[in-house]
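Asks: Attaching a single structure in structure tokens format; questions to follow.
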Amino acid sequence: MEFTLPLEKMSIEEKIRTMETIWDDLCRKADSISSPSWHEDVLIEREERIKKGEEEFVDWSSAKKNIRNKIS
């Protein structure tokens, strides 16, 4: 089924509500959604980098600030 939303006519609030509705629907069906095959490989690689000290964690507030700075 193909469904097209009039994105150019939708307000930001309408777009966010639409995304939330879709996300809620996906969450209700989470048990029936499988991860792509590459996902496990990425997780294993990241775990190895953490063990080797090659990755750095930042708190969520700092992460949001960094993201905002990059897109501003």
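Asks: If you line up the long axis of helix 12-28 against the longest principal axis of the chain, both from Cα atoms, how many degrees apart are they, to the nearest 10?
Replies: 70 degrees
Asks: While we're here: For n ≥ 4 DSSP H runs only, could you compute -39500 (n - 2.57) per run for the chain, divide by its residues and tell me the 222 nm figure to the nearest 500?
Replies: -20000 deg cm²/dmol
Asks: Can you tell me the length gained on complete extension of the stretch Glu2 to Trp60, counting 0.36 nm per residue apart and subtracting the Cα distance?
Replies: Working: separation 58, 0.36 × 58 = 20.88 nm, distance 3.63 nm.
Fully extending the segment from Glu2 to Trp60 adds 17.3 nm.
Asks: About its Cα centre, what dipole magnitude does the chain give when the only charges are +1 on Lys and Arg Cβ and -1 on Asp and Glu Cβ, stated in debye to the nearest 20? Intermediate results must be reported in sequence, preceding the final value.
Replies: On the way: 13 positive and 17 negative charges, 77 e Å.
Using only the charged Cβ atoms, the result is roughly 380 debye.
Asks: Can you compute the modelled spin-label distance between Ser34 and Lys9, with each label point 7 Å from Cα toward Cβ, in nm?
Replies: Going from the Ser34 label point to the Lys9 one covers 4.0 nm.
Asks: Here are some values of log10 I(q)/I(0) by the Debye sum over Cα atoms at q = 0.13, 0.16, 0.21 Å⁻¹: [x] -0.64, -0.75, -0.93; [y] -0.48, -0.66, -0.94; [z] -0.78, -1.04, -1.08. Which one was computed from this structure?
Replies: [z]
Asks: Please list, by residue number, every one of the trypsin sites (Lys or Arg not before Pro) in segment 9-69 that is coil in DSSP and has at most 13 other beta-carbon atoms within 10 Å.
Replies: Listed in order of number, the matching sites are Lys29, Lys52.
Asks: Taking +1 at the Cβ of each Lys and Arg and -1 at the Cβ of each Asp and Glu, which of Gly53, Asn69, Leu7 sits farthest along the dipole of the chain towards its positive end, judged by Cα position relative to the Cα centre?
Replies: Farthest towards the positive pole: Asn69.
Asks: Also: Please compute the modelled spin-label separation between Lys70 and Thr18, points set 7 Å along Cα→Cβ, answer in nm with one decimal.
Replies: That separation, rounded to one decimal, is 2.6 nm.
Asks: Pick from Asp31, Asp41, Asp59: which residue has the top mean-square fluctuation in a GNM of the chain where Cα pairs under 10 Å get a spring?
Replies: Asp59
All of the numbers you see were taken from the coordinates with simple rules; none came from a lab. Please read all numbers here as calculations on a predicted model, not as lab measurements. All Cβ positions, glycine included, derive from the backbone under ideal geometry; neighbour counts span all protein chains shown.
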